[in-house]
Structures are given as structure tokens and as C-alpha cells.
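The values are calculated or read from the model by the stated rules, or taken from the named source; none is laboratory data. Treat the numbers as computed from the prediction; the structure is a model and nothing was measured. No Cβ is skipped: glycine too gets one built from the backbone with ideal geometry, and neighbour counts run over all protein chains shown. When the accessible area is computed, the model is the full protein with side chains, heavy atoms only, and any ligands, DNA or RNA have been set aside. Shrake-Rupley method; radii C 1.70, N 1.55, O 1.52, S 1.80 Å.
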Amino acid sequence: MGLFRRRRPGSDSGTAADVMPSDPRTPWPDQPVPSDVTAAADAFWTGWDELLPEVSSALGDREPHRVEHDLCMLVEALHPRLHFSLERGRQAIYAFVLSGQEDPELRPYTDAWKAGAPPDDAIWEYHDSVPPVPDPTEVTVNFGEHRVRLADVRVVAQVDEDVVDVAVHHPVFSDLEEAARTALTFLPLDATLGERVAAERLRRVETAETEPEGAVGLLEFRELVRTLPERPDESVGASD
């Protein structure tokens with residue numbers, strides 16, 4: 001469950017905690033991009049260490065908004081186009097997730113950030129892309145008046161060597177507006193595979209308003225993708 005997430009201006013899927021100019025007519029100012037990636041990552045982790053007691057206190061009080069601004073500034077100083085979220089951890093209590101949405105221009109910054117991260121412990125774990133949900137079929141999301149169970153998502157996949165073309169179906173698609181259908185098409189794929197694997201392995205993604213023949217559930221789809229041959233540039237043991 002995301003506690004809050006920073007998204008760049010213009011994102012169409014924000015949250016109540018998004019950072020926006022106080023006047024919507026005011027253009028978002030140009031923000032500098034650090035030229036020294038390693039130094040920028042080191043500066044982030046120095047700031048994180050200084051802020052961590054306040055972060056822990058705010059989360060313990062269930063008031064993450066108290067540290068939202070400071071965390072936004074830390075991430076923005078690393079690169080203004082990066083997103084972040086505080087999540088429930090998979091092994092630790094909390095997870096800090098940094099995402100460049102698989103933009104290759106941002107990968108050096110997330111790589112340097114991850115390389116400089118402290119070891120995961122019982123309290124915190126750190127991810128340089130959005131990780132997969134342990135069991136996406138247990139997830140229910142809200143789209144307007146609809147409560148949507150990802151267990152009802154069906155996927156048909158066509159494998160082409162080491163990539164996959166997919167069509168995604170959910171029974172509620174016919175009741176949703178186009179933007180919501182698009183969001184619900186991609187959300188279960190990211191939840192099932194994780195942001196990085198989805199970006200690397202999925203080539204064409206389509207929305208299917210009727211269930212395609214031969215469709216499978218999300219867990220079966222995950223296993224299919226995991227059987228794809230490893231790419232030469234994939235690092236062995238990648239976490240996400």
C-alpha cells in the first residue's frame with residue numbers, strides 16, 4: 001500500500017499527496033539535473049540518514065505527510081523526473097521505492113542510488129524500480145465506483161523469443177471509461193511482473209473487452225514470463 005508518491009507534473013495518475021505548484025496557472029520551473037550521478041546519489045543517502053528519524057516518527061504516527069516535502073526535495077535533487085513511494089515492505093516493515101519508469105536516461109541515477117543504498121534490514125528495504133506484488137490475485141483496486149479484483153484479470157500471451165505480446169481482459173472493462181480501461185490494462189501487468197520486467201519483456205499490450213480464447217490468470221502469466229530465455233544484458237540475480 002503506497003503511503004505517498006511523488007509524480008512529475010502532468011502525470012495523469014496522481015494522488016492527493018502529489019507535489020504541484022500552488023497556482024495551477026504557474027508553469028513548473030525548469031529544475032537542474034546533476035551532472036555527477038554518483039555525487040548526487042551520495043547526497044541523497046546523506047540526506048536520508050539525517051531525515052530518517054523524522055521519517056520513522058511520522059510513519060509510526062501514521063502521518064507521512066509530515067516528511068513528504070523533505071523527501072520530495074531529496075528525490076528531486078537526485079533527478080527531477082524520478083518518482084518515489086513509501087510502501088509496505090515485502091521482507092522489511094517499510095520499502096522505499098525509487099522509479100524512473102524505465103526511462104533509459106534515468107537508469108544511471110537509479111543504478112547509482114541503489115548502489116549507494118544501505119543494506120536492507122528489518123525496518124527498511126530499497127527498490128530501484130516498482131517491485132512485483134507477491135500475489136496480485138489478492139489485490140483489489142478502486143476505479144471510481146468499481147472495486148476491481150485483479151484475480152478476475154485474464155491475460156492471453158503470444159511469445160516471440162524473449163518478449164511477449166499480451167491482451168488483457170477484465171469483466172468490468174465494458175463499464176469503464178477509456179482512461180480507466182487503459183490504467184487497468186497496465187496495472188495488473190506491473191503488479192504481476194514488476195515495473196522493470198514488464199518494461200523489458202512486454203512488447204505489445206492491448207485491452208480486450210471480451211475474454212480472449214486461451215487466456216490465463218496473472219500467476220500463470222507470471223510463470224510464463226519467467227520461463228523466457230535470459231537476455232544477454234540481464235544481470236543474474238536481479239531483484240525485481
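Send over a whole-number figure in Å² for the accessible area per residue of region 94-240, probe 1.4 Å. Walk me through the numbers before you get to the answer.
Numbers: 7670 Å² over 147 residues.
Accessible area per residue, region 94-240: 52 Å².
Among the trypsin sites (Lys or Arg not before Pro) found in region 72-180, those both in a DSSP coil and sparsely packed, with 14 or fewer other Cβ atoms within 10 Å of their Cβ, are ARG90. Per-atom-type breakdown for region 97-155 gives carbon and sulfur 49% of the accessible area (1.4 Å probe, protein chains only).
How high is the relative contact order of region 152-203? Use alpha-carbon pairs under 8 Å, at least six apart in sequence, and give a whole percent. Before the final figure, lay out the partial values.
Details: 42 pairs, mean separation 20.0, N = 52.
Answer for region 152-203 is 38 percent.
Loop-only GluC sites (Glu not before Pro) in region 119-174, please: DSSP not H, G, I, E or B, and at most 12 other Cβ atoms within 10 Å.
Numbers: sites: GLU125, GLU138, GLU145, GLU161; in loops: GLU145, GLU161.
Counting only loop positions with at most 12 other Cβ atoms within 10 Å, the GluC sites (Glu not before Pro) in region 119-174 are GLU145, GLU161.
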